[in-house]
Amino acid sequence: MNKIFEDARKRMGKSVESFKSDISRVRTGRAHPSLLEHLMVDYYGTSTPITQTASVSLEDSRTLLITVWDAGAVKLIEKSILNSDLGLNPNTAGTVIRVPVPPLTEERRQALVKILKNEAEQAKVAVRNIRRDSLSKLKDLKKNKEISEDDERSGDVETQKITDEHVKLVDEIVVQKEKEIVEI
(Lines give C-alpha, C1' and ligand atoms only; values in the text may rest on other atoms or scores of the structure.)
Protein backbone atom coordinates (compact mmCIF):
# COMPACT_ATOMS: atom_id res chain seq x y z
CA MET A 1 0.00 0.00 0.00
CA ASN A 2 2.84 2.39 0.80
CA LYS A 3 4.08 1.95 -2.77
CA ILE A 4 0.69 3.10 -4.05
CA PHE A 5 0.76 6.19 -1.79
CA GLU A 6 4.34 6.99 -2.78
CA ASP A 7 3.51 6.67 -6.47
CA ALA A 8 0.41 8.87 -6.07
CA ARG A 9 2.39 11.51 -4.16
CA LYS A 10 5.10 11.56 -6.83
CA ARG A 11 2.68 11.74 -9.77
CA MET A 12 0.52 14.41 -8.11
CA GLY A 13 3.68 16.40 -7.34
CA LYS A 14 4.62 16.24 -11.02
CA SER A 15 1.15 17.49 -11.97
CA VAL A 16 1.52 20.47 -9.62
CA GLU A 17 5.02 21.23 -11.00
CA SER A 18 3.68 21.05 -14.55
CA PHE A 19 0.92 23.48 -13.56
CA LYS A 20 3.49 25.87 -12.07
CA SER A 21 5.50 25.69 -15.28
CA ASP A 22 2.42 26.34 -17.42
CA ILE A 23 1.35 29.42 -15.48
CA SER A 24 4.84 30.89 -15.32
CA ARG A 25 4.18 31.94 -18.93
CA VAL A 26 1.07 33.90 -17.95
CA ARG A 27 2.08 37.53 -18.16
CA THR A 28 1.88 39.63 -15.00
CA GLY A 29 2.75 43.01 -16.49
CA ARG A 30 6.41 42.67 -15.54
CA ALA A 31 9.11 41.55 -17.91
CA HIS A 32 10.50 38.08 -17.20
CA PRO A 33 12.73 35.91 -19.42
CA SER A 34 10.36 32.94 -19.02
CA LEU A 35 7.79 34.87 -21.11
CA LEU A 36 9.70 33.84 -24.22
CA GLU A 37 10.90 30.36 -23.21
CA HIS A 38 8.12 28.54 -25.03
CA LEU A 39 8.64 30.43 -28.32
CA MET A 40 10.10 28.46 -31.21
CA VAL A 41 12.21 29.87 -34.04
CA ASP A 42 12.37 28.30 -37.50
CA TYR A 43 16.19 28.14 -37.39
CA TYR A 44 17.72 26.63 -40.55
CA GLY A 45 14.56 24.66 -41.24
CA THR A 46 14.34 23.27 -37.70
CA SER A 47 11.92 24.44 -35.03
CA THR A 48 14.28 25.50 -32.23
CA PRO A 49 13.53 27.06 -28.80
CA ILE A 50 14.45 30.75 -28.69
CA THR A 51 16.76 30.04 -25.74
CA GLN A 52 18.98 27.92 -28.00
CA THR A 53 19.51 30.74 -30.49
CA ALA A 54 19.93 33.69 -28.12
CA SER A 55 20.23 34.68 -24.47
CA VAL A 56 17.19 36.32 -22.91
CA SER A 57 17.71 38.64 -19.94
CA LEU A 58 16.15 41.66 -18.25
CA GLU A 59 17.25 45.14 -19.24
CA ASP A 60 14.88 46.72 -16.73
CA SER A 61 11.55 45.80 -15.09
CA ARG A 62 9.60 46.42 -18.31
CA THR A 63 12.11 45.42 -21.01
CA LEU A 64 13.53 42.07 -22.11
CA LEU A 65 16.95 42.06 -23.76
CA ILE A 66 17.63 39.33 -26.32
CA THR A 67 21.22 38.91 -27.44
CA VAL A 68 21.21 36.83 -30.62
CA TRP A 69 24.25 34.62 -31.24
CA ASP A 70 23.81 34.31 -35.01
CA ALA A 71 23.04 37.51 -36.94
CA GLY A 72 21.03 35.43 -39.44
CA ALA A 73 18.55 34.50 -36.73
CA VAL A 74 17.65 38.08 -35.69
CA LYS A 75 14.77 38.43 -38.17
CA LEU A 76 13.53 34.90 -37.38
CA ILE A 77 13.40 35.63 -33.63
CA GLU A 78 11.71 38.97 -34.25
CA LYS A 79 9.11 37.26 -36.46
CA SER A 80 8.52 34.56 -33.83
CA ILE A 81 7.85 37.18 -31.15
CA LEU A 82 5.52 39.16 -33.41
CA ASN A 83 3.55 36.02 -34.37
CA SER A 84 3.16 34.85 -30.77
CA ASP A 85 0.00 35.53 -28.76
CA LEU A 86 1.96 37.68 -26.29
CA GLY A 87 1.18 41.01 -27.97
CA LEU A 88 4.80 42.20 -27.84
CA ASN A 89 6.60 44.42 -30.37
CA PRO A 90 10.36 43.84 -30.53
CA ASN A 91 12.85 46.61 -31.43
CA THR A 92 16.00 45.43 -33.22
CA ALA A 93 19.45 47.03 -33.12
CA GLY A 94 22.08 44.78 -34.74
CA THR A 95 22.14 41.46 -32.90
CA VAL A 96 20.30 42.87 -29.89
CA ILE A 97 16.52 42.81 -29.66
CA ARG A 98 14.73 44.85 -27.01
CA VAL A 99 11.20 43.76 -26.17
CA PRO A 100 9.22 46.32 -24.15
CA VAL A 101 6.48 44.68 -22.07
CA PRO A 102 3.46 47.01 -22.00
CA PRO A 103 1.40 47.29 -18.82
CA LEU A 104 -1.73 45.13 -18.79
CA THR A 105 -5.20 46.63 -19.23
CA GLU A 106 -7.90 45.74 -16.71
CA GLU A 107 -9.74 43.73 -19.37
CA ARG A 108 -6.60 41.73 -20.20
CA ARG A 109 -5.95 41.10 -16.48
CA GLN A 110 -9.42 39.60 -16.09
CA ALA A 111 -8.88 37.41 -19.15
CA LEU A 112 -5.56 36.20 -17.70
CA VAL A 113 -7.24 35.36 -14.38
CA LYS A 114 -9.80 33.32 -16.31
CA ILE A 115 -7.01 31.46 -18.15
CA LEU A 116 -5.24 30.89 -14.83
CA LYS A 117 -8.35 29.39 -13.23
CA ASN A 118 -8.91 27.15 -16.25
CA GLU A 119 -5.31 25.88 -16.00
CA ALA A 120 -5.84 25.29 -12.27
CA GLU A 121 -8.94 23.22 -12.95
CA GLN A 122 -6.98 21.12 -15.46
CA ALA A 123 -4.30 20.51 -12.82
CA LYS A 124 -6.94 19.49 -10.26
CA VAL A 125 -8.49 17.09 -12.78
CA ALA A 126 -5.06 15.51 -13.31
CA VAL A 127 -4.62 15.11 -9.54
CA ARG A 128 -8.09 13.55 -9.22
CA ASN A 129 -7.33 11.13 -12.06
CA ILE A 130 -4.24 9.98 -10.16
CA ARG A 131 -6.42 9.53 -7.06
CA ARG A 132 -8.81 7.39 -9.11
CA ASP A 133 -5.90 5.21 -10.28
CA SER A 134 -4.69 4.75 -6.71
CA LEU A 135 -8.16 3.84 -5.45
CA SER A 136 -8.48 1.35 -8.29
CA LYS A 137 -5.15 -0.26 -7.32
CA LEU A 138 -6.33 -0.53 -3.70
CA LYS A 139 -9.57 -2.14 -4.86
CA ASP A 140 -7.59 -4.66 -6.93
CA LEU A 141 -5.44 -5.54 -3.90
CA LYS A 142 -8.58 -6.15 -1.84
CA LYS A 143 -10.14 -8.19 -4.64
CA ASN A 144 -7.01 -10.37 -4.80
CA LYS A 145 -7.24 -10.70 -0.99
CA GLU A 146 -3.81 -9.08 -0.53
CA ILE A 147 -5.29 -6.52 1.89
CA SER A 148 -8.32 -6.51 4.17
CA GLU A 149 -11.43 -4.35 3.83
CA ASP A 150 -10.21 -2.18 6.75
CA ASP A 151 -6.85 -1.69 5.01
CA GLU A 152 -8.67 -0.65 1.84
CA ARG A 153 -10.75 1.89 3.78
CA SER A 154 -7.71 3.35 5.52
CA GLY A 155 -5.97 3.40 2.13
CA ASP A 156 -8.89 5.32 0.66
CA VAL A 157 -8.64 7.86 3.49
CA GLU A 158 -4.86 8.23 3.02
CA THR A 159 -5.27 8.63 -0.75
CA GLN A 160 -7.88 11.34 -0.21
CA LYS A 161 -5.56 13.10 2.25
CA ILE A 162 -2.75 13.11 -0.36
CA THR A 163 -5.19 14.39 -3.00
CA ASP A 164 -6.43 17.17 -0.71
CA GLU A 165 -2.81 18.28 -0.04
CA HIS A 166 -2.09 18.63 -3.74
CA VAL A 167 -5.39 20.35 -4.58
CA LYS A 168 -4.66 22.80 -1.75
CA LEU A 169 -1.20 23.43 -3.26
CA VAL A 170 -2.77 24.24 -6.63
CA ASP A 171 -5.22 26.62 -4.93
CA GLU A 172 -2.39 28.39 -3.08
CA ILE A 173 -0.45 28.82 -6.32
CA VAL A 174 -3.57 30.27 -7.99
CA VAL A 175 -4.10 32.80 -5.18
CA GLN A 176 -0.46 33.92 -5.42
CA LYS A 177 -0.48 34.21 -9.22
CA GLU A 178 -3.84 35.98 -9.22
CA LYS A 179 -2.39 38.61 -6.86
CA GLU A 180 0.53 39.10 -9.28
CA ILE A 181 -1.81 39.49 -12.26
CA VAL A 182 -4.27 41.89 -10.62
CA GLU A 183 -1.53 43.98 -8.97
CA ILE A 184 -0.90 47.20 -10.90
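The values are calculated or read from the model by the stated rules, or taken from the named source; none is laboratory data. All of these numbers come straight from a predicted model, not from anything done at the bench. Glycine gets a Cβ as well: all are built from the backbone with ideal geometry, and neighbour counts include every protein chain shown.
Overview of values
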item	result
Strands (runs of 3 or more DSSP E) completely within segment 44-97 that count 1 or more residues being without any contact (Cβ under 8 Å) to a residue 12 or more places away in the chain	46-49, 91-93
Residue within segment 114-136 that is assigned by TED's automatic domain parsing to the domain that holds D171, within 26 Å of S15 (Cβ to Cβ), more than 24 Å from the chain's Cα centre (by Cα) and surrounded by fewer than 19 Cβ atoms within 10 Å (Cβ to Cβ) present	yes
In segment 1-43, residue farthest from the chain's Cα centre (by Cα) [restricted to those that are assigned to a loop (DSSP other than H, G, I, E, B) and of a type in the set (A, V, I, L, M)]	M1
Among the candidates A93, A73, A111, residue that is surrounded by 15 or more Cβ atoms within 10 Å (Cβ to Cβ) and not acidic (D, E)	A73
